[in-house]
Amino acid sequence: MTFYGIWYNGKDKYTICGGYALTPVSITDITKDGKFFKPIGSGYLVDYDAKTNKFSNWTTFNYPYGTNYETHFEGLSRSKSGSYQLSAVSIQTGGDINTVQGSWVEVSKDRKVQKWVNLNYNNDPKIITTSNSVAGNSVVGITLSDPVVAYQAVIE
């Protein structure tokens with residue numbers, strides 16, 4: 001399990017996102033040349049109360065546009081209306097690095113996916129585009145191309 005995004009909701013309450021697997025995963029299965037390159041299962045959101053030290057509202061999310069994808073949430077923000085925006089990276093298991101898909105995800109305060117937008121640098125799905133951090137409808141990430149390109153996208 002990973003904890004990648006933490007949002008402070010006020011009064012000792014937080015929302016956390018990341019990724020998890022139901023079975024143990026070897027570090028060698030998710031790293032290559034000492035660098036993280038693969039998600040480990042499903043993305044999640046969970047609420048945490050620091051005063052009571054309790055977790056609640058655990059919600060699992062999976063990439064909706066194909067099968068055998070593993071998803072990881074990299075970043076988290078929240079709008080004034082209470083919806084969450086997440087940066088997600090999904091990779092098709094059993095595939096090669098070309099199956100990586102970065103996305104921007106909006107989830108309502110009752111944990112329903114409102115939008116799941118794939119990010120494709122220059123609108124080219126062949127360019128591997130990650131999604132590493134989010135603030136509202138803005139996402140930053142990199143392309144895993146030659147050369148590597150850093151980008152910012154605004155979701156409309």
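Readers should treat all values here as calculations from the given coordinates under stated rules, not as data from a laboratory. If you're wondering where the values come from, they're calculated on a predicted model, not measured in any experiment. Here the Cβ is made from the backbone with ideal geometry for all residues, glycine too, and neighbour counts use every protein chain on show.
A few remarks follow.
- Counting neighbouring Cβ atoms within 10 Å and putting the fewest first, the residues 74, 106 line up as 106, 74.
- Above-threshold pairs, the threshold being 25 Å between Cα atoms, out of 11/115; 54/109; 11/80: 11/115
- By the count of other C-beta atoms within 10 Å, a proxy for reagent exposure, 104, 7 are ordered fewest to most as 7, 104.
- The chain - percent relative contact order, Cα under 8 Å, separation 6 or more: 15 percent
- Computed magnitude of the charge dipole of the chain (debye, nearest 20; Cβ of K, R +1, Cβ of D, E -1): 560 debye
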